[in-house]
1. Go through (1) surrounded by 15 or more Cβ atoms within 10 Å (Cβ to Cβ); (2) in contact with a strand residue (DSSP E or B) (Cβ under 8 Å, 6 or more places away or on another chain); (3) assigned to a loop (DSSP other than H, G, I, E, B) and name the single condition Pro32 misses.
2. Residue check, Thr43 against (1) part of a loop (DSSP other than H, G, I, E, B); (2) touching a residue at least 12 places away in the same chain (Cβ under 8 Å), all met but one. Which one?
3. Can you tell which of Ser151, Ser98, Ser147 is within 27 Å of Asp11 (Cα to Cα) and among the small types (Gly, Ala, Ser)?
4. Report every pair of residues separated by at least 6 positions or lying on different chains whose Cβ atoms are under 8 Å apart, first residue within region 152-171 and farther than 23 Å from Arg202 by Cα, second assigned to a helix (DSSP H, G or I).
5. If you take the residues of region 120-142 that are open to solvent by 60 Å² or more (accessible area, probe 1.4 Å) and among the aliphatic types (A, V, I, L, M), which of them is farthest from Ser195 (Cα to Cα)?
6. Report yes if some residue within region 52-62 is over 22 Å from Tyr212 (Cα atoms), more than 16 Å from the chain's Cα centre (by Cα) and of a type outside the set (S, T, N, Q); otherwise report no.
7. Search region 8-21 for residues that are free of Cβ contacts under 8 Å to residues at least 40 places away in the same chain and pair each with any residue that is hydrophobic (A, V, I, L, M, F, W, C) and open to solvent by 50 Å² or more (accessible area, probe 1.4 Å) when their beta-carbon atoms are under 6 Å apart and the residues are at least 6 apart or on different chains.
8. Restricting to region 55-91, and then to whatever is in a strand (DSSP E or B) and open to solvent by 10 Å² or more (accessible area, probe 1.4 Å), can you tell me which residue is modelled with the lowest pLDDT?
Amino acid sequence: MPLSSVLPLTDNALLGLWNLTESAADLASFLPYANWYAAHCPTGRNEARTQQWLAGRALAHVLLAHLPEQAAGPLENDANGRPFFRENPELAVSLSHSGAWVAAVVSRQGRVGTDVELVRPKARMLAPRFLSANELLDAGDEALKYSLYWSAKETLYKLHSYRALVFKEQILLDPFRLREAGAMTGHLLLPNSRSQHQVHYRCLSASYVLTYCLDAPTSSLA
């Protein structure tokens with residue numbers, strides 16, 4: 001099993017990374033609740049999607065094993081697509097996959113979000129659709145920043161789990177200095193409230209970026 005790393009984020013939260021090389025059949029063998037996952041696993045012509053789906057859930061169970069929790073049951077999704085453990089819904093979970101990487105965060109407290117992205121020219125091409133004028137200006141000619149901005153917005157979207165968010169207007173990020181690892185400040189602008197969050201990032205390689213956020217915002221009424 002190519003589990004790349006398990007990183008403690010706090011005493012109550014873990015981040016896991018999985019380098020995906022196994023077949024769907026091999027991944028299924030790692031999962032508990034095999035019958036439930038077999039019945040709910042997406043199937044079809046896209047084998048990669050099935051592999052990523054299985055790997056995300058296998059990774060979540062690996063992280064759960066590092067936390068002294070009781071049985072949590074299989075991982076399901078609520079009406080907004082947010083994953084949760086059926087028998088322990090108080091645990092916060094976020095999953096992401098892109099290309100060869102799968103990421104997961106599990107926490108005993110609050111909400112979490114994570115996103116892993118393959119760095120592609122497409123992020124820069126589509127940037128005017130999801131970046132504000134200030135964000136576009138900050139990204140400039142740095143291709144990596146476009147993928148980091150997109151990934152950070154995906155992370156905050158998952159943290160909030162509100163389907164109607166407009167990335168360009170309601171999820172905003174302050175300019176940041178590009179490093180191998182760091183943090184950026186994000187803002188969720190909702191109809192009745194505004195909140196500020198720290199989104200952490202890592203450049204896994206020249207080809208992949210990772211972002212994650214734990215729910216410790218500062219909030220105010222709009």
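1. Condition (2) is where Pro32 drops out.
2. Condition not satisfied by Thr43: (2).
3. Residue meeting the stated conditions: Ser151.
4. What qualifies is Leu165/Tyr157.
5. Filtering region 120-142 for residues that are open to solvent by 60 Å² or more (accessible area, probe 1.4 Å) and among the aliphatic types (A, V, I, L, M), the one farthest from Ser195 (Cα to Cα) comes out as Met125.
6. No, because not a single residue in region 52-62 is over 22 Å from Tyr212 (Cα atoms), more than 16 Å from the chain's Cα centre (by Cα) and of a type outside the set (S, T, N, Q).
7. Correct list of pairs: empty, since none qualify.
8. Among those residues, the one meeting the criterion is Asn77.
The values are calculated or read from the model by the stated rules, or taken from the named source; none is laboratory data. The shown structure was predicted, so the numbers you read here are calculated from the model rather than taken from an experiment. Cβ coordinates were reconstructed from backbone atoms using ideal geometry, including for glycine residues, and neighbour counts include every protein chain displayed. These area figures cover heavy atoms from the full protein model, side chains too; ligands, DNA and RNA do not enter into them. Shrake-Rupley method; radii C 1.70, N 1.55, O 1.52, S 1.80 Å.
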